[in-house]
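The values are calculated or read from the model by the stated rules, or taken from the named source; none is laboratory data. Remember, it's a predicted structure, so these values are computed and weren't measured experimentally. Using ideal geometry, Cβ is built from the backbone for each residue, glycine included, and neighbour counts are taken over all protein chains shown.
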Amino acid sequence: MVSELRRRMIQDMELRRLAKGTQKQYLSGVESLSRYYGRSPDRLSETEIRRFFLYLIEERHAAEGTLRHHIYGVKFLFRYTLRRSWPVFDLLRSQRRRRLPVVMTPAEVRALLAAATDARYRMCMTMMYACGLRIAEAGAIRVEDIDGGRGAVRVTGKGGKRREVPIPAEVLAKLRDYWRMKRPRLWLFPRKDGAGPLDPRTLWKVFDRAHRASAMTKAVTPHSLRHSFATGLLERGVPLRVIQILLGHANIRTTTIYTHLTAGLLQGVARAQTDLTAGL
């Protein structure tokens with residue numbers, strides 16, 4: 001893809017407030033199309049676009065996630081940057097297979113956090129669990145984002161959207177102890193060189209080490225801390241709409257996945273079914 005077209009596409013994605021990670025995936029899909037034909041995408045025909053996606057599906061057998069990024073990226077380029085709404089884009093679909101996330105119990109979370117020996121990483125993961133934060137959101141918290149008086153943290157989510165999440169009193173006390181020990185200035189969880197926020201890749205590695213050290217058998221990821229937060233709140237009676245706001249979900253359908261995970265709700269359904277069918 002020629003540099004000028006790439007620049008225009010990036011500007012359009014910025015205007016649409018797409019997250020940096022999403023922009024990178026979209027550009028990757030478009031550049032794959034450009035490499036396939038050996039020329040800039042703006043010189044391709046609708047037939048060539050159709051042939052490229054048939055290649056991905058029938059010959060390359062691309063995974064659904066890979067196919068989805070190609071579809072979204074190419075669609076964005078042609079529909080928004082090049083202003084070409086060809087019929088082929090109405091045909092392109094990917095099947096999103098939603099898997100139920102793995103959820104940890106509070107005891108498992110405590111064991112995991114205890115296995116993280118570095119206070120900075122342990123506190124960052126504690127915030128991810130206690131406030132339901134994404135890994136990039138937690139790493140990018142600034143010291144000024146913590147409102148100790150109100151017991152809340154201001155979070156910058158996907159697309160630069162801001163939200164406020166309460167911090168439990170016990171976690172806030174741990175956070176104050178951490179600040180007194182580390183004295184961070186700008187970033188609450190800075191890189192070791194202090195030049196920027198904590199890199200999510202570094203936190204992934206720390207999480208993996210803590211996971212192995214905790215001897216937990218569940219296949220969990222850093223995002224499981226967020227899943228466990230949401231599921232735990234739902235089990236304790238917090239309304240789904242409130243959990244949606246705390247997580248920063250744009251659509252409540254994203255939040256409803258947690259209704260499939262709560263043991264309390266399942267037990268409640270079982271009790272209701274017993275009452276309903278009594279005497280049959």
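Values computed for the structure shown
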| read-out | value |
| --- | --- |
| Conditions (1) crowded, with 18+ Cβ neighbours inside 10 Å; (2) closer than 25 Å to R7 by Cα; (3) free of Cβ contacts under 8 Å to residues at least 60 places away in the same chain; number of the one not met by F76 | (3) |
| Scope segment 37-55; condition more than 21 Å from P87 (Cα to Cα) and not small (G, A, S); matching residues | R39 |
| Matching residues in segment 79-89 - criterion: being free of Cβ contacts under 8 Å to residues at least 60 places away in the same chain, more than 17 Å from L54 (Cβ to Cβ) and either of a type in the set (G, A, S) or assigned to a helix (DSSP H, G or I) (or both) | R79, S85 |
| Residue that is nearest to L186 (Cα to Cα), among those in segment 140-155 that are aliphatic (A, V, I, L, M) and out of contact with any helix residue (DSSP H, G or I) (no Cβ under 6 Å at 6 or more places or on another chain) | V143 |
| Scope segment 12-30; condition surrounded by fewer than 16 Cβ atoms within 10 Å (Cβ to Cβ) and either at pLDDT 95 or above or among the aliphatic types (A, V, I, L, M) (or both); matching residues | L15, A19 |
| Count of segment 199-215 residues which are modelled with pLDDT under 90 and farther than 20 Å from E137 by Cβ | 1 |
| Residue identified as of a type in the set (D, E) and under 30 Å from R162 (Cβ atoms) among D12, D42 | D12 |
| Some residue of segment 135-156 being touching a Phe, Trp or Tyr at 6+ places or on another chain (Cβ under 7 Å), at positive phi and buried (at least 20 other Cβ atoms within 10 Å of the Cβ) | no |
| Hey, A136 touching a residue at least 24 places away in the same chain (Cβ under 8 Å) and under 30 Å from T259 (Cβ atoms) or not | yes |
| Complete set of residues in segment 40-78 that are modelled with pLDDT of 90 or more and not in a helix (DSSP H, G or I) | S40, L44, S45 |
| Residues located in segment 161-189, provided they are farther than 23 Å from H249 by Cα and free of Cβ contacts under 8 Å to residues at least 12 places away in the same chain | E170, A173, D177, R180, R183 |
| Test: residue in segment 15-24 that is among the polar types (S, T, N, Q) and within 30 Å of the chain's Cα centre (by Cα) | yes |
